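See below for the structure under consideration.
The values are calculated or read from the model by the stated rules, or taken from the named source; none is laboratory data. On a predicted model such as this, the values are computed, not experimentally measured, just so you know. No Cβ is skipped: glycine too gets one built from the backbone with ideal geometry, and neighbour counts run over all protein chains shown. Ligands, DNA and RNA are stripped out before the accessible areas are found, and what is left, the full protein with its side chains, is counted by its heavy atoms. Shrake-Rupley method; radii C 1.70, N 1.55, O 1.52, S 1.80 Å.
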Amino acid sequence: MPDKDAGTPRVFLIRHGETEWSKSGQYTGKTDIPLTPHGEEQVTSTAQIMYGSGRLIDPAKVAQVWLSPRKRAIKTYQLLSGQTEGYEVTESLAEWDYGEYEGIKTDEIRAKRESRGLDKERAWDIWTDGCEGGESPAEVTTRIDSLIAEIKQLQAPHMKDSEPKDVVLVAHGHLTRAFAKRWLGYELSFPLSLMMEPGGVGVLSYQHHSIDEPALMLGIGFPVQR
């Protein structure tokens with residue numbers, strides 16, 4: 001981090017590696033499917049670059065790890081860190097509950113809704129409309145916000161000190177993007193287009209060492225390797 005921001009706590013937001021349904025574009029909420037072999041390779045490749053002593057995610061600087069309860073997320077953290085313990089599982093990071101849309105794709109969802117006379121004014125959008133039989137944006141917001149409050153409580157006393165205070169989160173495609181929006185204070189319907197690759201890492205932090213100025217680290221510099 002730049003000198004003026006050195007020591008500011010970070011939140012590493014990680015999406016699990018590829019699954020068969022993430023590869024095909026099928027919505028995968030509660031369905032508990034494993035990583036593909038390629039998905040495992042994605043995560044181990046990320047680990048080689050980003051995880052370890054002196055690297056971007058330095059375990060000596062991590063105070064807390066929270067994971068989605070789905071096995072694809074737990075396996076991702078285990079591959080990333082080489083650890084099978086030292087983390088907490090939380091429903092706050094579970095993927096959006098897609099309800100009736102589980103296992104199908106966006107165009108299929110829109111066709112299904114249109115056949116029932118819905119969405120005459122505009123196409124269905126999960127960020128505004130949520131999922132029939134599943135979660136609304138307000139429900140997803142509530143559980144994300146509860147975890148954000150817990151993270152801020154953990155990090156607030158350590159804005160400038162050298163104590164371990166980084167946080168690692170492992171979750172899912174929609175959930176990671178929803179989390180970033182809420183971290184920045186936006187409603188989920190706010191038109192902020194974000195992308196997260198399987199096995200990818202996003203970084204959230206704070207401006208000016210202030211707990212009241214959460215920020216997205218748009219670009220990161222990697223530690224010098226000696």
Just one of (1) surrounded by fewer than 14 Cβ atoms within 10 Å (Cβ to Cβ); (2) in contact (Cβ under 8 Å) with a residue 12 or more places away in the chain; (3) among the β-branched types (Val, Ile, Thr) trips up Thr141, so point out which.
(1)
Please indicate, with yes or no, whether at least one residue in the range 206-219 is over 10 Å from the mean Cα position of the chain (by Cα), within 20 Å of Asp97 (Cα to Cα) and open to solvent by less than 10 Å² (accessible area, probe 1.4 Å).
no
Looking at (1) farther than 20 Å from Gly52 by Cβ; (2) among the aliphatic types (A, V, I, L, M); (3) surrounded by 14 or more Cβ atoms within 10 Å (Cβ to Cβ), can you tell me which one Leu79 breaks?
(1)
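Of the residues that sit in the range 10-66 and are hydroxyl-bearing (Ser, Thr, Tyr) and in a strand (DSSP E or B), which one is nearest to Leu216 (Cα to Cα)? Walk me through how you get there before you give the answer.
Step one: of the range 10-66, the residues hydroxyl-bearing (Ser, Thr, Tyr) are 19, 22, 24, 27-28, 31, 36, 44-46, 51, 53.
Imposing the further condition that a residue be in a strand (DSSP E or B) reduces the set to 19, 51.
Details: Thr19: 27, Tyr51: 20 Å.
Among those residues, the one meeting the criterion is Tyr51.
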Filtering the range 35-53 down to residues that are open to solvent by less than 40 Å² (accessible area, probe 1.4 Å) and either within 21 Å of Gln155 (Cα to Cα) or free of Cβ contacts under 8 Å to residues at least 24 places away in the same chain (or both) yields Thr36, Tyr51, Gly52
Go through the residues of the range 106-115 one by one and say whether even a single one is open to solvent by less than 50 Å² (accessible area, probe 1.4 Å) and closer than 30 Å to Lys75 by Cα.
yes
Among the listed residues Ser189, Ser162, Ser146, identify the single one that is open to solvent by 50 Å² or more (accessible area, probe 1.4 Å), part of a loop (DSSP other than H, G, I, E, B) and modelled with pLDDT of 95 or more.
Ser189
Just to be sure I understand the filter: pairs with C-beta atoms under 7 Å, separated by 6 or more residues or on different chains, first member in the range 21-34 and open to solvent by less than 60 Å² (accessible area, probe 1.4 Å), second member of a type in the set (A, V, I, L, M, F, W, C) and part of a helix (DSSP H, G or I). Which pairs pass?
Thr28/Trp21; Ile33/Trp21
Inside the range 116-133, can you point out the residues that are open to solvent by less than 70 Å² (accessible area, probe 1.4 Å), in a loop (DSSP other than H, G, I, E, B), closer than 22 Å to Leu192 by Cβ and out of contact with any Lys or Arg (no Cβ under 6 Å at 6 or more places or on another chain)?
Asp125, Gly130, Cys131
